[in-house]
Amino acid sequence: MLVTSEELLLDAQKNHYAVGAFNAENMEMVMAIIAAAVEMKSPVIIQTTPSTLKYATVDMYRAMVNAEAAKVSVPVVMHLDHGNSFELAEKALKAGYSSVMIDGSHEVFEDNIAVTKRVVAIAKPMGIPVEAELGKVGGKEDDLVGVGGCTVPSEAAEFAERTGIQSLAVAIGTAHGVYKIEPKLDVERLKEIRKVVDIPLVLHGASGLSDEAVQTCIAEGICKVNFATELRIAYTKGVREFLAADADAFDPKKYGTPGMANVKALVANKMQVCGCAGQA
Ligand code: 13P
Ligand code: ZN
């Protein structure tokens, strides 16, 4: 069943776990993520970025997630990840996404507040929660290369209050993509943000972090953890290995199957790490 992210994240905040949020690129990844959620009895957030939505469309991803979510009893959220414009957020809302992120973190503070408020103003009457970002998560995020800059706790409090958002992505040293060396996370900063912001906090760039690092962040107030790169690697590894072993293969179903199996196993593991396994 499809639910909004608000109820899931508030439950996670109350009970000190995090809901895993997984980026899907194709039908196989959608099926694998939902199959893992069923097996783990876990709530799950499936999300798509602007570049993914350029590859197909909001309607296409929404339809795939809807078809899978309708078959299962675990709660499934369809979320716009790193929405880069008011127009895209509006499009996702109209297509039936049950959660949206507007990412104005590349703008100056007041402009970030302004675009975030515009999205909240249309999402709220529809009952759809909004995630926004303050501070800059580093690395390559979708089509943009970010330069890190950590979230300032007092600004986070002001930002949450003035925008009326339901969750806030914070920058505490993570980056999108593959880490050359595992980053040292600014857990003290996270604790300071938690003290002054009482809505669910979101960790981006979780691929490549140790399980311990993820769990420390959850203990200090993170309620949603985003994984993208590791899923892409897992899917492609399955496909690549199959084709390497059988160079004459031509049926996409044949090489999609091991890709899907890899994604399902990875997602199931991350659900255990995040503590959302068993929460549905
Ligand atoms: P990774 O690609 O580093 O897992 O980041 C995921 C993310 O933050 C998606 O928004
Ligand atoms: Zn992200």
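A few comments on the model shown:
- Most fluctuating residue given options ALA89, ALA56, ALA24, as computed from a GNM of the chain linking Cα atoms under 10 Å: ALA56
- Cβ charges +1 (Lys, Arg) and -1 (Asp, Glu), total dipole of the chain, debye: 400 debye
- Taking other residues whose beta carbon is less than 12 angstrom from the beta carbon of ALA36, and scoring Lys, Arg as +1 and Asp, Glu as -1, yields +1.
- Rg and Dmax of the chain, Cα atoms only, in Å: 17.7, 59
- Nitroxide proxy distance, nm - points 7 Å out along Cα→Cβ at ASP111 and LYS254: 5.2 nm
- Simple label model, 7 Å out from Cα along Cβ direction - TYR179 to GLU87, nm: 3.7 nm
- Shape of segment 168-280 from the C-alpha gyration tensor: prolate (a/c of 1.5 or more and a/b above b/c, with a ≥ b ≥ c the square roots of its eigenvalues).
- Each Lys or Arg adds one and each Asp or Glu subtracts one; over the other residues with Cβ under 13 Å from the Cβ of VAL196, this totals -1.
- Counting charges near VAL74 (Lys, Arg +1; Asp, Glu -1) among other residues having Cβ under 10 Å from its Cβ returns a value of 0.
- With 0.36 nm allotted per residue and the present C-alpha distance subtracted, the ARG162-ASN269 stretch has 34.8 nm of extension available.
- For segment 1-110, with +1 on Lys and Arg beta carbons and -1 on Asp and Glu, the positive-most of LEU53, ILE33, ALA67 along the dipole: ALA67
- Inter-label distance, SER210 to SER51: 2.9 nm, where each label sits 7 Å from its Cα along the C-beta direction.
- Helical contribution to [θ] at 222 nm, DSSP H n ≥ 4, -39,500 (n - 2.57), averaged over the chain, rounded to 500: -15500 deg cm²/dmol
- Projecting the Cα atoms of THR174, GLY256, GLY139 onto the charge dipole of the chain (Cβ charges, centred on the Cα centre) puts GLY256 farthest toward the positive pole.
- The amide H of LYS41, built 1.01 Å from its N in the peptide plane, has GLY278 as neighbours under 5 Å, considering only residues 5 or more places off or on other chains.
- On full extension, the segment bounded by LYS124 and ILE233 gains 35.7 nm, given 0.36 nm per residue less the C-alpha separation.
- As a proxy for reagent exposure, ranking SER99, SER85, SER210, SER167 by other Cβ atoms within 10 Å from fewest up yields SER210, SER85, SER167, SER99.
- Once the chain from ALA247 to VAL187 is taken as fully extended at 0.36 nm per residue, the excess over their C-alpha distance is 16.8 nm.
All of the numbers you see were taken from the coordinates with simple rules; none came from a lab. On a predicted model such as this, the values are computed, not experimentally measured, just so you know. FYI the Cβ positions are ideal-geometry reconstructions off the backbone, even for glycines, and counts take in every protein chain you see.
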